[in-house]
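Asks: Quick one: the structure is below, questions incoming.
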Amino acid sequence: MDEKNLTTEQVLSRLPGPLLAWYRASARDLPWRHTADPYRIWVSEIMLQQTRVAAVLGYYARFLEAFPTVEDLAAAPEDRLMKLWEGLGYYSRARNLQKSARIVAERGAFPDTYQGLLALPGVGEYTAGAIASAAFGLREAAVDGNVLRCAARLTDCRDDVAAPGTKRAVRERLRAVMPEAEADVRIFNQAVMELGATVCVPNGPPKCEACPAGDFCLGRLRGTAESLPVKTAKKARRTEEKTVFLLLRKGAVALRRRPDSGLLAGLWEFPNVEGTLDEAAAAETVRAWGLEPRAWRKKLTAKHIFTHVEWHMTGYALEAAGEGPGEFTWADGAGLTSRAVPSAFARYYQEARRLLEEER
Ligand code: SF4
């Protein structure tokens, strides 16, 4: 049979055998792969959403040390939770984890069905499929960008992977070829993910010579793999300009809490305003807060990229006198370190720590 003429179903039905053998022989050794505990698997899946494995490893270990059970997480003070999440980004994940933990703790067990998992806050189709299979051995596929890319290349499919219908179709097709044995089901989704992360990679050419599916992959056989997947262009990111203030007073720096909803909800930030202000306009803003600017210490620019928006920041570090508005909290070095300040403000955070250290 000419392998180039295999149908989509034929290609996918050949996948599990070589894929699982390859995975068992050469997958990366990651801590969440040593457990069937739904809590541990769930925490790893939520952390891995939008975040690289290398970045997650340290957070995962610290998080489970702080909250070894779902009950511990349910009862955790929010500030402690946010502090442990600091730097990982997409903070709504941490809030949803805790909401879900409270639901699970209340009902006394994790939901053990795909639909039950899907009902938990922060658990979408991908995560529900990943937990259902790895923790409960259910034949549910987990499809994210990595898996869509592998599937498009394997089957030489030119459907737009950004279209919801494509994802649904891939999920159904993979579910249809999932193995029967429970031990295989538990690792099947992870094996496809591993293939996408380490062999059928997103940036640069796929490493077909090392791929367990190389013999029957239509993208490879037909020479189309590198042009796949087809994806409609994303909307350009919006740019927002901001002026950030490191207001120093008696060995402390001003912080305030962000609003309870929206981007970086409820986290701590340095006071800031929209737009790029020059020093004169920045001084006016400081006075409008009821503070008197004294010594200007430094000007610092920084940029932070979120999924849909980019912040271009100009920052002023200065000494100020007065009380400032009630929403300001004046934090000394320890107070700053104990609060969760998102990494969008990393440059200012480092500078604030340095300046507070200098004043001691
Ligand atoms: Fe991807 Fe190449 Fe493997 Fe096909 S053979 S799945 S293109 S790495």
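Asks: Within the range 183-207, can you find the residues that are within 12 Å of the ligand (Cβ to nearest atom), open to solvent by 30 Å² or more (accessible area, probe 1.4 Å) and assigned to a helix (DSSP H, G or I)?
Replies: Hits for the range 183-207 are 197, 198.
Asks: Exactly one condition in (1) of a type outside the set (Gly, Ala, Ser); (2) more than 8 Å from the ligand (Cβ to nearest atom); (3) closer than 24 Å to residue 30 by Cα is false for residue 170; which is it?
Replies: (3)
Asks: Looking at 70, 104, 43, 53 in this structure, which one is among the aliphatic types (A, V, I, L, M) and at pLDDT below 95?
Replies: Going through 70, 104, 43, 53 in turn, just one is among the aliphatic types (A, V, I, L, M) and at pLDDT below 95: 53.
Asks: Here's another thing I want to ask about it. So, residue 282, is that one among the hydrophobic types (A, V, I, L, M, F, W, C) and within 35 Å of the chain's Cα centre (by Cα) or not?
Replies: Against the criterion (among the hydrophobic types (A, V, I, L, M, F, W, C) and within 35 Å of the chain's Cα centre (by Cα)), residue 282 qualifies.
Asks: So, residue 161, is that one touching a residue at least 24 places away in the same chain (Cβ under 8 Å), farther than 18 Å from residue 18 by Cβ and within 16 Å of the ligand (Cβ to nearest atom) or not?
Replies: yes
Asks: Sticking with this structure for a sec: Pairs only if they're at least six apart or on different chains, beta carbon under 9 angstrom, first in the range 197-220 and within 18 Å of residue 10 (Cα to Cα) and among the aromatic types (Phe, Trp, Tyr), second within 6 Å of the ligand (Cβ to nearest atom) and open to solvent by less than 20 Å² (accessible area, probe 1.4 Å); list them, first residue then second.
Replies: Going by the 9 Å Cβ cut-off, the qualifying pairs are 216/154.
Asks: If you don't mind, another one. Sort out for me the strands (runs of 3 or more DSSP E) sitting completely within the range 213-307 that have 3 or more residues that are at pLDDT 90 or above and open to solvent by less than 30 Å² (accessible area, probe 1.4 Å).
Replies: It comes to 238-249, 252-257, 292-305.
Asks: Moving on to the next point. Can you find, within the range 308-338, the residue that is nearest to the chain's Cα centre (by Cα) among those that are surrounded by fewer than 18 Cβ atoms within 10 Å (Cβ to Cβ) and among the charged types (D, E, K, R)?
Replies: 310
Asks: Sticking with this one: Which one is nearest to the ligand (Cβ to nearest atom) among residues in the range 208-257 that are farther than 23 Å from residue 343 by Cα and among the polar types (S, T, N, Q)?
Replies: 224
Asks: May I pose another question? Only one of 102, 158, 153, 139 is assigned to a helix (DSSP H, G or I) and closer than 22 Å to residue 10 by Cα; which?
Replies: Result of the check over 102, 158, 153, 139: 153.
The values are calculated or read from the model by the stated rules, or taken from the named source; none is laboratory data. Since we're looking at a predicted model, the values are computed, not measured. Quick reminder, even Gly has a Cβ in these numbers, built from the backbone with ideal geometry, and neighbours come from all protein chains shown. Heavy atoms of the whole protein, side chains included, go into the accessibility calculation; ligands, DNA and RNA do not. Shrake-Rupley method; radii C 1.70, N 1.55, O 1.52, S 1.80 Å.
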